[in-house]
1. Provide the solvent-accessible area of Lys83, counting protein heavy atoms only and rolling a 1.4 Å probe, rounded to the nearest 10 Å².
2. How much mean residue ellipticity at 222 nm does the chain get from its helices, if each DSSP H run of length 4 or more adds -39500 (n - 2.57) and you divide by all residues, to the nearest 500 deg cm²/dmol?
3. If I fit a long axis through the Cα atoms of helix 131-144 and take the longest principal axis of the Cα atoms of the chain, what angle between them do I get, 0 to 90°, rounded to 10?
4. Can you list residues from other chains, or at least 5 along the same chain, whose modelled amide H is less than 5 Å from the amide H of Val304?
5. Taking the Cβ of Ile350 as the center, what net charge do the other residues with Cβ under 12 Å away carry, scoring Lys and Arg +1 and Asp and Glu -1?
6. Can you pick out the pairs among Lys83/Lys213; Lys24/Lys165; Lys2/Lys213; Lys76/Lys165; Lys100/Lys213; Lys179/Lys253 whose Cα atoms lie more than 27 Å from each other?
7. Using the Cα centre as the reference, give the magnitude of the dipole from point charges on the C-beta atoms of the chain (Lys, Arg: +1; Asp, Glu: -1; all else neutral), rounded to the nearest 20 debye.
8. If ligands, DNA and RNA are left out, what is the accessible area of Asp236 with a 1.4 Å probe, given in Å² to the nearest 10?
Amino acid sequence: MKILFLDQSGKLGGAELCLIDIAKPYCDRSLVGLFADGDFKTLLQQNQISVEVLATQPIKVQKQSNFFQALASFTKLIPLLIKVTKIARKYDLIYANTQKALVVGALASILARRPLVYHLHDILSLEHFSPINLRVAVTLANTFASLVIANSQASQTAFVQAGGKAELTEIVYNGFDSKKYQIPDIEIQKIQQELELNGKFVIGHFSRLAPWKGQHILIAALAECPPQVTVILVGDALFGEQDYVRELHQQVKTLGLENRVKFLGFRANIPQLMSACNLVTHTSTAPEPFGRVIIEAMLCGTPVIAAKAGGAMELVEHGVNGFLTTPGDSEELAKVINTCLQEIEITATIANNARNMASQRFDISTINQQIAQLLIFPQK
Ligand code: UDP
Ligand code: GLC
């Protein structure tokens, strides 16, 4: 099957990393069309996936756009729409991986008469989107998509609550190649040396720097932990959250934690870094649609504490394969971190359970088979 994948971003967010795994089995006969240039294009090329940047000017609609802003952005989409429609005629199916890709993909699917699949990576709720953006996404999906692949039960439920048709939806979790997360001790020691982490209890946070990803909650919790506890913050502000970055640095300074928090920026060697941590925390203050970092930490055998909301609750069972804490509650987070510090054996058993569970439940080849089965249907 020849697929035209569409994604609005040139940056490496979770939805984009997920798309690489989905597009790979189709790489000899498919194209990924992007609406912006960037590292995502390079990574697709490195994976031998054909990619083309289709938009010549950035599409500025924000997650919180009002009606007029949305309309203005829409008119700017017309040249892109014409281009996508022309290309789509050479493919059997359009696979929209983001919301702006859905807007363009939906209209192109009508003009080019090709079925449309929408991969929903977001929780379509007012916590994450403006009312107009929500309505546009749900209406387009209901009207034009033959299939909506939700990345979790939480994303599926929010879609239906926002007016989406339940019968269009299928839940497919992100898949992972567990081998990539088995890191030899020698590599782990090298990283620990490079980052001067030896002798410390290292907590890793692996997310883009954005208020709702809640890095500030971890920093606040760190102030309640013994001095050997150190935090590495891995990730960059991908979407212009520079004020938040400044606030984080200020918070670290105010709490006197300069020697215990390292900002590492965006890194490509996540499995190595996660394996060098004693604990990984996920601290999103709004419900996380899925949370790739949670599964990645599990696959590294590193115990994980996640915020109890959204898709994270489908991934973590408290005390069985990880820990859950109330979103936004830094005191509770500090308590659980301190428990992990003290109860090393129980925590190690939990991390081991998590690794076994995650390597089976989120196995990339099983997930890719699931998607292949689903994609046969919209062809009919
Ligand atoms: N990630 C990365 N480098 C970084 C920080 C994060 O490659 O410096 C990856 C991380 O391993 C994960 C993805 O970015 O695979 C983030 O996905 P997630 O689903 O956790 O959150 P999103 O940012 O998509 O909301
Ligand atoms: C989105 C979501 C994240 C999810 C990823 C992959 O970026 O924010 O929770 O893990 O997509 O589906």
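1. 80 Å²
2. Working: 16 runs with 169 residues, N = 380.
Here the helix-only value at 222 nm equals -13500 deg cm²/dmol.
3. The angle comes out at about 50 degrees.
4. The answer is Val280, Phe323.
5. Surrounding charge for Ile350 is -2.
6. Details: Lys83/Lys213 35 Å; Lys24/Lys165 29 Å; Lys2/Lys213 36 Å; Lys76/Lys165 29 Å; Lys100/Lys213 22 Å; Lys179/Lys253 39 Å.
Checking Cα-Cα distances, Lys83/Lys213; Lys24/Lys165; Lys2/Lys213; Lys76/Lys165; Lys179/Lys253 exceed 27 Å.
7. On the way: 34 positive and 33 negative charges, 319 e Å.
Using only the charged Cβ atoms, the result is roughly 1540 debye.
8. 70 Å²
The values are calculated or read from the model by the stated rules, or taken from the named source; none is laboratory data. In this text the structure is predicted, and so the values were computed from the model without any measurement. FYI the Cβ positions are ideal-geometry reconstructions off the backbone, even for glycines, and counts take in every protein chain you see. Note: areas computed on protein heavy atoms with side chains; ligands, DNA, RNA excluded. Shrake-Rupley method; radii C 1.70, N 1.55, O 1.52, S 1.80 Å.
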